[in-house]
Amino acid sequence: MGSEKEKKNQQLDIFEISNINNIAKIDNRVVTENFAKFSKGWGAFDLDWWTIAMSQPVGHDDQYIAIPTEKVKSIFLKNKHTHESLKDFVRRSNKSLSKFLDIKIDFEQEDKDKLAMITAHIFDASYIDTDYKTMLKINQTSRPVFNQFKSWTRFPVSTMASLHTAYSKRLFIYLKQWRTVGKVSFTLEEFRNNLDVPKSYKPGSIDQKIILPALEDLAPYFYQLKLEKTYAKAKRGRKLSGYVFSFRPEPKEKKDVGLSKKIEDWFAIYSIVDNRYLSQEHKFRAVDRYRNVRLGSTKKYYSKHHPQTIFLDPTNKEDRKYTIATLNTLSITSLQTIAIAYEELLKKGKLKEWDFEDLYNIEKSLFCKQVSLMIETSNAKDPYKPSEKIHTIASRLISKIDIDKFEQNKIDMEIKIIIRKEFGSFVRVEDHRPPEVKAMSKDE
């Protein structure tokens, strides 16, 4: 009786978990060898629940995955502008969880000269109720796919949930699998299979219904995301044979969470605005998708109001320009990253009036932080010295001054002069282009 009571208490205790692990870390064997097969027919909601389930930590002796349903509901419905009763959410979730009981995976285990080939279900049972309790019982044979893997695919659960279609979510997983490489290739057959594309879809339908919406959806998360099609020779001309997606590789040490919402939003919009492979029309739509507003809203707003910044969300009254007080809470590394990105946009003529003011505040804050740290550590064994590899307006000015003898008001004025001068250089280059080239760029 005692052991039975302990087992019951153990099952109840698992529901005390109140937080969700927001970083999915999925065994690459599951992604590469099994995911496309067991997820056939799944919708966006199913994929989000599966990501949540696979992202929760599992110890070597754990029998269950416990998930606080309230947290899941808030992630799934965040910014979706919809309301769903708890009972309806539980019923819909139960349909997804029941599908997970059919997941069967194949994996190998090696022990010296012995090779074992194993096929097993991942989960044995599921449970969800209106008291915000969710549980999945792990098949003990499959436990290695949760905590014994050599390589994995990593991404934020909240980002996955924010994507709008099942196709975008599937492609997101495959691109994240190669996030430090920056290139993923599919044959046409692999693309159809991995993204669960209906057999009736011809290449034109795939472009319009799957690829273009996915590129808009994913542009905030993969810098310079680009699609190239590959072709094979056919009897008449050439025939589509595959797709190659490329983007700037992510550093291995990149953090997936930890940035403030404002900084996350800024980087997302920057990634869209600076994408060389999206037309202006698709950039507007990408911003709409990221901000979860009706398609066409951003374009309509910009054509009507001609706002003085590219970064603020016109639908969000709490979205404000950068202030020195806000910037002073950021690290030097974060400020350098933002400054470099702003300067890139400055050189390309993509900043507007308020953005100039933002850049000025960013460079001023960065200058002050770096100089203060240099003075503070001047007598230390390893004094702080700005990296010579990072070129910002602030770093250029620091290299020219005596940190013990400088006037801040003159530095502030110099920052403003450099910003205007660099934008002026862009304008002069633009004005020397042929008229037809200028006209084409305005239509982009």
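The values are calculated or read from the model by the stated rules, or taken from the named source; none is laboratory data. Keep in mind it's a predicted model, so treat the numbers as computed, not measured. Methodologically, a virtual Cβ is constructed for each residue, glycine included, from the backbone with ideal geometry; neighbour enumeration extends over all protein chains shown.
Only one entry in GLU250, GLU281, GLU216 is without any contact (Cβ under 8 Å) to a residue 24 or more places away in the chain and acidic (Asp, Glu), namely GLU281.
Residue count for the range 279-319 satisfying the condition of being part of a helix (DSSP H, G or I) and either at pLDDT 70 or above or surrounded by 13 or more Cβ atoms within 10 Å (Cβ to Cβ) (or both): 20. Taken over the range 320-333, residues that are surrounded by fewer than 17 Cβ atoms within 10 Å (Cβ to Cβ) and assigned to a helix (DSSP H, G or I) amount to 4. Step by step: first the residues of the range 29-56, then only those that are at pLDDT 95 or above and of a type in the set (Asp, Glu), then the one that is nearest to PRO156 (Cα to Cα). Which residue is that? Only one residue fits best here, namely ASP48. If you scan the range 341-364, which residues turn out to be closer than 13 Å to VAL273 by Cβ and surrounded by fewer than 17 Cβ atoms within 10 Å (Cβ to Cβ)? Matches in the range 341-364: GLU344, LYS348, GLY349, LYS350, LYS352. Name the single residue that is nearest to THR32 (Cα to Cα) among those in the range 90-135 being in contact (Cβ under 8 Å) with a residue 60 or more places away in the chain and of a type in the set (Lys, Arg). Restricting to residues being in contact (Cβ under 8 Å) with a residue 60 or more places away in the chain and of a type in the set (Lys, Arg), the top hit is LYS104. Hey, among the residues in the range 365-395 that are under 16 Å from ASN328 (Cα atoms) and of a type in the set (Ser, Thr, Tyr), which one's surrounded by the fewest Cβ atoms within 10 Å (Cβ to Cβ)? Within the range 365-395, the match that is surrounded by the fewest Cβ atoms within 10 Å (Cβ to Cβ) is SER372. Of all residue pairs spaced 6 or more apart or on separate chains, those with beta-carbon atoms under 9 Å, a first member in the range 46-57 that is within 14 Å of ILE138 (Cα to Cα) and touching a residue at least 40 places away in the same chain (Cβ under 8 Å) and a second member that is small (Gly, Ala, Ser) and crowded, with 23+ Cβ neighbours inside 10 Å are MET54/ALA24; SER55/ALA24. What are the residues in the range 22-35 that are surrounded by 17 or more Cβ atoms within 10 Å (Cβ to Cβ) and in a helix (DSSP H, G or I), if any? Within the range 22-35, ARG29, VAL30, VAL31, ASN34, PHE35 meet the criteria. Restricted to the range 92-174, the set of strands (runs of 3 or more DSSP E) holding at least 3 residues that are under 15 Å from VAL30 (Cβ atoms) and touching a strand residue (DSSP E or B) at 6+ places or on another chain (Cβ under 8 Å) comprises 104-111, 114-121, 152-156. Cβ separations smaller than 8 Å between residues 6+ apart or across chains give the following pairs from the range 347-372 residues that are more than 28 Å from ILE403 (Cα to Cα) to residues that are surrounded by fewer than 17 Cβ atoms within 10 Å (Cβ to Cβ) and among the basic types (Lys, Arg): TRP354/LYS321.
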